[in-house]
Amino acid sequence: MVIAANASVGKPWAHHATAILAGLLAGAVFLFGVFDMTVAGSVHNPLAVDIGIMVTGLAAAGLASKPVRERAARLIPIDPDNPVHSLALVLAVILLGTQIASLAFTNVLAADQQLPPLNIGDLLGQEVPFLVIALAGVGLWVRRNLAASADRLGVVVPAWWHMALALAAAGVFFGIGQLSGYLSQTLTPGIAQQVDQSSQHLFGGLTGATGIVALALIPGICEEILFRGALQPRFGLLLTAVLFAAIHTEYGLSIDVLAILVIALGLGAIRKYTNTTTSIVCHVTYNLLIGLSLGGAILVAGIGVEVVLVAVVGYVLWSRRRPSGEQAMVENASVR
């Protein structure tokens, strides 16, 4: 469907393709909810989840209407006549609606503990589709070549200070994660214990050096290219951050989800003011810090490095603003 939407861009029948693709996808989601509720065998979703899926399908179907998309375009930077933008919006509604139904009406933390622990193959199978959707979404080899696709995704060669910013921000995000864990243990100890048990079960097979590197690199690259690279320029910073938080169901409804949302907003700001490459480096570094479980003298040394990085980034940002201010003074003097 994503490839078909890209192939339809600019064609006289693009508006028909938009309505057909949106309607088919939304209808399939609605019918899945109906099927699971009425026909499925002994293993199926709770009734409330199926109703949530059907409501999500109906909401997504509304986006087949151009006036509805035009109203959405007042809030987020999409083109209501573009089939790719429209299909992406439908997919976003489906993702958000089904995840909310799952989180609200099932115990996702208990369900995660029934799954087998992840290995690197599972991680690739879970994350690589994000990368594939991102590349297909920007029209790789349909509307854009590889170089143009990379430029659209913001995957470019970063400046040196972008790397300093990425590392400094990763340290800040690590602190946010630690604070979130403390608050969760203090305010909601029962939920915190479930989250910890679920995480240890799911990621317990990825604790060695290879596993830690895989957990850092694979999600950091694939998720950033999709969410910050492909989606954020069309959905804006806030909606993209909400969608990013919604896929992290391993935290259930906990304080940790709020921390993920804050971190997603930070990654989005990095993408907005620099590029996706920088947000990738930041995400990968953050994941690596979490996997290493820093403590003792290493943590103290890390804090020292973080202070230096923040100072360097602060100086660079200040020095980059100063010339523009001085130039403005010169221009004002010349006008006078």
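The values are calculated or read from the model by the stated rules, or taken from the named source; none is laboratory data. Here the structure is a predicted model, which is why all the values come from computation and not from measurement. Because the Cβ atoms are built from the backbone with ideal geometry, glycine has one as well, and the counts that use them run over all protein chains shown.
Observations, loosely collected:
- Filter result for T277 (in a helix (DSSP H, G or I), modelled with pLDDT of 90 or more and in contact with a helix residue (DSSP H, G or I) (Cβ under 7 Å, 6 or more places away or on another chain)): no
- From the list A269, A259, A230, the lone residue that is within 13 Å of the chain's Cα centre (by Cα), of a type in the set (A, V, I, L, M, F, W, C) and surrounded by 21 or more Cβ atoms within 10 Å (Cβ to Cβ) is A230.
- Scanning segment 52-71 for residues that are part of a helix (DSSP H, G or I) and more than 26 Å from the chain's Cα centre (by Cα) yields K66, P67.
- When L135, L87, L63, L58 are checked against the criterion of being in the same structural domain as F227 (by TED's automatic domain parsing) and farther than 30 Å from A192 by Cα, a single residue qualifies: L135.
- Filtered residue count, segment 235-256, keeping only those that are without any contact (Cβ under 8 Å) to a residue 40 or more places away in the chain, surrounded by fewer than 22 Cβ atoms within 10 Å (Cβ to Cβ) and either among the polar types (S, T, N, Q) or outside any helix (DSSP H, G or I) (or both): 1
- Matching option when the condition is out of contact with any helix residue (DSSP H, G or I) (no Cβ under 7 Å at 6 or more places or on another chain), within 21 Å of F130 (Cα to Cα) and among the hydrophobic types (A, V, I, L, M, F, W, C), among A92, A7, A73: A7
- Count of segment 75-120 residues which are more than 17 Å from the chain's Cα centre (by Cα), within 26 Å of V49 (Cβ to Cβ) and of a type in the set (G, A, S): 5
- The criterion of being more than 30 Å from G304 (Cβ to Cβ), of a type in the set (F, W, Y) and touching a Pro at 6+ places or on another chain (Cβ under 7 Å) holds for F105.
- Selected residue (criterion: surrounded by the most Cβ atoms within 10 Å (Cβ to Cβ)) from residues of segment 145-198 that are farther than 25 Å from L317 by Cβ and modelled with pLDDT of 95 or more: S149
- Residues of segment 55-95 satisfying the condition of being in contact (Cβ under 8 Å) with a residue 60 or more places away in the chain, closer than 25 Å to L31 by Cα and surrounded by fewer than 18 Cβ atoms within 10 Å (Cβ to Cβ): L95
- Residues satisfying the stated conditions in segment 99-111, i.e. in contact with a Ser or Thr (Cβ under 6 Å, 6 or more places away or on another chain) and surrounded by 20 or more Cβ atoms within 10 Å (Cβ to Cβ): L109
- L123 being over 17 Å from the mean Cα position of the chain (by Cα) and assigned to a helix (DSSP H, G or I): no
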